[in-house]
Structure formats: C-alpha cells, structure tokens
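Below is one structure, written out as structure tokens; comments come after it.
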Amino acid sequence: MRTATYDVVVIGAGPVGENVADRVVRQGLTAAVVERELVGGECSYWACMPTKALLRSEAALRAARHLPGAREAVTRGLDAAAVLARRDSFSSHWEDDGQVSWLQSAGIALYRGHGRIGSPRVVEVSAPDGWTTTLSARHAVVVATGSSALLPDVPGLLQAKPWTSREAAAARAVPERLAVIGGGVVASEMATAFAALGSSVTVLARDGVLPLAEPFAGQRVTESLRKAGVQVLLGAEAGSVKRDGEGTVHITLTSGEQVEADELLVAVGRTPNTQDIGLDSVGLTAGSWLTVDDTLRVVGGDPEALAGRWLYAVGDVNRRVLLTHQGKYQARAVGDAIVARAKGEPVEDGPWGRHTATADERVVPQVVFTEPEVASVGLTAAAAEAAGITIRVVDYDLGAVAGAALHADGYQGQARMVVDEDRKVVVGFTLVGPDVAELLHAATVAIAGEVPLDRLWHAVPAFPTISEVWLRLLEVYGR
Ligand SMILES: Cc1cc2nc3c(=O)[nH]c(=O)nc-3n(C[C@H](O)[C@H](O)[C@H](O)COP(=O)(O)OP(=O)(O)OC[C@H]3O[C@@H](n4cnc5c(N)ncnc54)[C@H](O)[C@@H]3O)c2cc1C
C-alpha cells in the first residue's frame, strides 16, 4: 500500500474538481485529484463540448439560409460525417493527455483510480493496477464526483439498452429513427441535433418541453422542432420498452400508443455519483446528493467524524446547479475558503462574499442551444412569484428590433424582463431567438449587480444590435 499527504484531496477531476485543485495550488497549498475515468469529466467528453459541437454546424447553416446572398451559396444539406468528426475533435477523441499535461504544469498530483473516503480526512484510491493508495488531507477533502444519467423505472428499459446522454453525445452513427424520453435541456438539444443530422425523431415530453423555462420558450422550441419534422408528443409517458431481435425498440406509452425507433435516448434527469465513495464511513448516506452550507461544506453526517468541517462538495454532486460554469464558480469560492481557513484568515461567508456561491441562488445563466436558442438568467416570472417577489413582467418581440431584422430575414424571437417592483431591479431575463446566447451576459451583470432600472437607462445598447431590446424593454416599462 502506498501513502501520501496533501493539503487538499479532491475526488473527481471533472471541470469542477480540477478548478478547486488549481485554485488552492495557486495560493500555495498542495493538492491531489483522484480520477477514475478521464481527466476533464463529463463536460469535456460526453456533455457540454460534444453536444454543442453536434449543434453548431446546423446553426451556421440555418443562419446562412436566412440571408439572401448567403442562402444561394448553400447548395447541400448538413454533412453528418463532417459534423461527427468535428465533434470527435472537440471531445479530444476521448483522450485526456492534454488535460493531464495541464494538471502537471499546474503542479497538481493525479491519482488514477476510484476514490473513497476511508476515514476522517483520508481517501483510499483503488487503482486499475490493483494497488491502493491512501491519501491523507491536512485541510480538506473535496467531493467533486459529478452526476450520471438517471434511468427511470420503466419495465424493459434497461434490457433495451437505451442511450443516455453519453451515447448520444458520442454517437458513432446517426440512427434512422431516434426516440427521446424527456423534454428538458438535454432532450431538446439532442432532438434538435439528431433531427438536423437526418434522424427521424420522436420526443416523449411528459412534462412539456423545457418545463423550467418561461412558457414561451418551450412553446417556440416545440413549434420549431415540429417544423423540423420532429414528432413532439406532449404529455406522453413511456409505459414499457422492448427491443426486438432485429434491434428495433418498441415503446408502449401509458396511453397505449406505440412508438418505434432504432435508438432510444433517455434524458430525464441526473443522479449523484455518490454510491461508492465511502459516505457511510462519515455517517452520510451512500447514493444521496450532498447538502452543503454557504461555503460548500457538507452538512449532516457524523459530527465526530466530520469534526473540523474538512469535507466539502462542489459541482453537480451538491445539486445546487448542474452546470459547468456554476460548478467552476463554486470551485473558486471553495478553493479560496479552504486556503483562507488553512492560513487562519477571515472567511467572507456572507451573501456575495468571496467565499460564498451566492449567485447559485438567483443569478444562474443558462443557454439551451436549440433552434431557437433559449438564453435565460435569474428567476422566471413564475419562480419570482413563488418566491414572494412583487413583479412586473415586460415582454418584447425580438423580431421588431432593428438589429434582429438585420441579423436574419424573418427573425423571430421574444424577450422577457422580470422586474422586482419593490426594489426596481431586474430579477429575471429570458431571450428566445436565433443567436441570442452571446447576449445573455449583459442580463447576468444587471441581475448580479442589482443595477437599478433608473441606471439601466444609461446603459445604451449599440445600434443596430439585437441588444437594443434592452432599450425597448425599458421603454415599455416606462420611466
Ligand atoms: C448532455 C449534457 C450536456 C451538457 N451541456 C452543458 C453545457 O452546455 N453547459 C454547461 O454549463 N453544462 C452542461 N452540462 C452539465 C455539465 O456537464 C455538468 O454540470 C458538469 O460536467 C459538472 O461538473 P463536475 O465536475 O461537477 O462533474 P463531472 O463533470 O461529472 O466530473 C466528475 C468526475 O468525477 C469522476 N469520479 C466520479 N466518482 C469518482 C470516484 N469515486 N473516484 C474518482 N473519480 C470519480 C468522474 O469520472 C468524473 O470525471 C451538460 C450535461 C449533459 C449531461
């Protein structure tokens, strides 16, 4: 058995774990990360990068088709093989040498293998070669093990060998017929991507399309999917699944209706990677999401084993926000908090403090790369009302903005600003339309900065850009 001691031991070298380690090493502590698969995690190989690579070429083609002059130059449809090849390169061909070299250059030790908490401040690493290494942490153990696709308990589903987001993101070929269970972000993006690549797609959206977004977002994406030939079955629920000897998947809906496909993608949510990481050794429940306090220290468990509050959980595994950028934000806060505590410096744990992931609560930006794109930050009108905020909702037709009309002929879209009427600040913002992703950050700044509406009038959008929608929304709101 090998042993080693570091200031900080991180279990999981996804985007979040890597960032925690980098943050503490930059400030003079030592750190090791433990990784059982590929350094870079889900995001690099099976999530953000490959899925956005699958979607990008069709978006560019679509944009060209909306512009006279460019449209005439488009003489063919999407080249699926070229799209898959570009996706391969954005997934680094599922090899992590680049990220491993980066870890080395950053001075972070890497242990390949499965990490488990063995006892307080101790992580046991079972390496593929059968060796076990015992890593001791002087200051902190950080769980950054992420999440995996959730497979619902539908009779026959597992035996039918469905795709999860992993198989969809890394698909070697485009199935002729693809059925998708789910209507959330992953389901909507993959339905968009595979329809563009040539699959005949059926979406079983029991709870609707993008049910957590503003309702107009889901409606516009549903319309557009249907226009692209996707069969969107709202309210449809899979009752049972069977793959026959020929390879065809038969899905029987609870309504009795039948759907047939060559592949079935299940995209109904995530489950935490905490089954086998030794949580029971510190009085926590294996398989559960980890609850954290404001500086991302794990709460609950055995007070004796967790004395000194040495256990942290960041990224997907704490369920606060399952997005890379938000996990990395947590990583920066947690890295700095660990360093501050190690050096005996004050911890700024109040709202918006350096060591607190305050934006997780109400300022989470997210882009859904469907057609149209859905870019949102903060609270939807419904969520703001549920939170007891007195709101006023201001909507504007994006197609009526000069910059949008110039951007593409027949531009269609919508913007919504949700205003907290007591504080006169924006608390939610949603844009739906082609190429709105890059517009989102202005809204994130306005919400995080709690910029008063009176001051926003002085933030003048350039003419003729789509950002002029800000001016239009303020005009509708009135001064
Ligand atoms: C299809 C899809 C598309 C997405 N697109 C986006 C997007 O466009 N933008 C965005 O912001 N987010 C996106 N996300 C979410 C994003 O992928 C996650 O939020 C992000 O990967 C979380 O990072 P993480 O480091 O917490 O976990 P992960 O990326 O899951 O990394 C955890 C790492 O821990 C390792 N690990 C787990 N258990 C152990 C163990 N016991 N020992 C050793 N290692 C272990 C895993 O192998 C993995 O490498 C998408 C997700 C999906 C599924």
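The values are calculated or read from the model by the stated rules, or taken from the named source; none is laboratory data. Treat the numbers as computed from the prediction; the structure is a model and nothing was measured. FYI the Cβ positions are ideal-geometry reconstructions off the backbone, even for glycines, and counts take in every protein chain you see. The protein model used for the area step is the full one, side chains on, heavy atoms only, and it has no ligands, DNA or RNA in it. Shrake-Rupley method; radii C 1.70, N 1.55, O 1.52, S 1.80 Å.
Restricting the search to segment 447-463, which residues are open to solvent by less than 60 Å² (accessible area, probe 1.4 Å) and either assigned to a helix (DSSP H, G or I) or in contact (Cβ under 8 Å) with a residue 24 or more places away in the chain (or both)?
Within segment 447-463, ILE447, ALA448, VAL451, LEU453, LEU456 qualify.
Condition test on VAL185, is it outside the structural domain of ALA31 (by TED's automatic domain parsing), under 18 Å from GLY269 (Cα atoms) and in contact with a helix residue (DSSP H, G or I) (Cβ under 6 Å, 6 or more places away or on another chain)?
So VAL185 does not fit the description; no.
Out of segment 137-170, which residues are among the aliphatic types (A, V, I, L, M) and under 21 Å from ASP244 (Cα atoms)?
Correct list: LEU151, VAL154, LEU157, LEU158, ALA160, ALA168.
Every residue in segment 271-326 that is near the ligand (Cβ under 9 Å from one of its atoms), under 19 Å from the mean Cα position of the chain (by Cα) and open to solvent by 20 Å² or more (accessible area, probe 1.4 Å), please.
Across segment 271-326, the qualifying residues are ASN273, ASP316, LEU322, LEU323, THR324, HIS325.
Is it true that ARG87 is open to solvent by 20 Å² or more (accessible area, probe 1.4 Å) and either touching a strand residue (DSSP E or B) at 6+ places or on another chain (Cβ under 9 Å) or of a type outside the set (Asp, Glu) (or both)?
No; evaluated as a whole, the condition is false for this residue.
Considering only residues that are near the ligand (Cβ under 7 Å from one of its atoms) and either under 25 Å from TYR411 (Cα atoms) or of a type in the set (Ser, Thr, Tyr) (or both), which ones fall in segment 32-82?
THR51, LYS52
For residues in segment 149-160 being out of contact with any helix residue (DSSP H, G or I) (no Cβ under 8 Å at 6 or more places or on another chain) and either charged (D, E, K, R) or outside any loop (DSSP other than H, G, I, E, B) (or both), which is farthest from the ligand (Cβ to nearest atom)?
GLN159
Do we have any residue at all in segment 211-219 that's assigned to a strand (DSSP E or B) and either on the phi < 0 side of the Ramachandran plot or among the β-branched types (Val, Ile, Thr) (or both)?
No - not one qualifying residue is present in segment 211-219.
Here is a check on your reading of the model: is ASP422 of a type in the set (Asp, Glu), at pLDDT 95 or above and within 18 Å of LYS328 (Cα to Cα)?
It is false that ASP422 is of a type in the set (Asp, Glu), at pLDDT 95 or above and within 18 Å of LYS328 (Cα to Cα).
Out of all the residues in segment 102-117, which are more than 14 Å from GLY17 (Cα to Cα) and near the ligand (Cβ under 8 Å from one of its atoms)?
Within segment 102-117, GLY113, HIS114, ARG116 qualify.
Taking ALA340 and the conditions (1) in contact with a strand residue (DSSP E or B) (Cβ under 9 Å, 6 or more places away or on another chain); (2) farther than 21 Å from VAL221 by Cβ; (3) among the hydrophobic types (A, V, I, L, M, F, W, C); (4) surrounded by fewer than 24 Cβ atoms within 10 Å (Cβ to Cβ), which numbered condition does it fall short on, given that it satisfies the others?
Failed condition: (1).
So which of VAL367, VAL363 ends up being open to solvent by less than 40 Å² (accessible area, probe 1.4 Å), closer than 23 Å to TYR329 by Cβ and touching an Asp or Glu at 6+ places or on another chain (Cβ under 7 Å)?
Sole residue among the options that is open to solvent by less than 40 Å² (accessible area, probe 1.4 Å), closer than 23 Å to TYR329 by Cβ and touching an Asp or Glu at 6+ places or on another chain (Cβ under 7 Å): VAL367.
Looking at GLU18, GLU37 in this structure, which one is more than 16 Å from the chain's Cα centre (by Cα) and crowded, with 22+ Cβ neighbours inside 10 Å?
GLU18
What pairs can you find where one residue is in segment 113-127 and among the acidic types (Asp, Glu), the other is within 9 Å of the ligand (Cβ to nearest atom), and their Cβ atoms are less than 6 Å apart, with a gap of 6+ or different chains?
From segment 113-127, the pairs are GLU124/ARG116.
So that you can scan it fast, the table gives a plain yes or no per residue for (1) in contact with a helix residue (DSSP H, G or I) (Cβ under 6 Å, 6 or more places away or on another chain); (2) in a loop (DSSP other than H, G, I, E, B):
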| position | (1), (2) |
| --- | --- |
| ARG226 | no, no |
| VAL232 | yes, no |
| GLY239 | no, no |
| GLY247 | no, yes |
| ILE251 | no, no |
| GLY256 | no, yes |
| GLU260 | no, no |
| LEU264 | no, no |
| ILE277 | no, yes |
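Residue-by-condition table, conditions (1) aliphatic (A, V, I, L, M); (2) surrounded by fewer than 24 Cβ atoms within 10 Å (Cβ to Cβ); (3) in contact with a Gly (Cβ under 9 Å, 6 or more places away or on another chain):
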| site | (1), (2), (3) |
| --- | --- |
| PRO155 | no, yes, yes |
| GLN159 | no, yes, no |
| ARG166 | no, yes, no |
| ALA169 | yes, no, no |
| VAL180 | yes, no, no |
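Can you name every residue in segment 291-307 that is in contact (Cβ under 8 Å) with a residue 40 or more places away in the chain, assigned to a loop (DSSP other than H, G, I, E, B) and within 16 Å of SER119 (Cα to Cα)?
ALA305, LEU306, ALA307, listed by residue number.
Here's a check for you: in segment 161-182, which residue that is assigned to a helix (DSSP H, G or I) and in contact with a helix residue (DSSP H, G or I) (Cβ under 9 Å, 6 or more places away or on another chain) is nearest to the ligand (Cβ to nearest atom)?
Restricting to residues being assigned to a helix (DSSP H, G or I) and in contact with a helix residue (DSSP H, G or I) (Cβ under 9 Å, 6 or more places away or on another chain), the top hit is SER165.
Suppose the filter is away from the ligand (no atom under 16 Å from the Cβ), at pLDDT 95 or above and in contact with a strand residue (DSSP E or B) (Cβ under 9 Å, 6 or more places away or on another chain); does ALA375 pass it? Even if it seems obvious, please write down each step before you answer.
Working: away from the ligand (no atom under 16 Å from the Cβ): no; at pLDDT 95 or above: yes; in contact with a strand residue (DSSP E or B) (Cβ under 9 Å, 6 or more places away or on another chain): yes.
In short, no.
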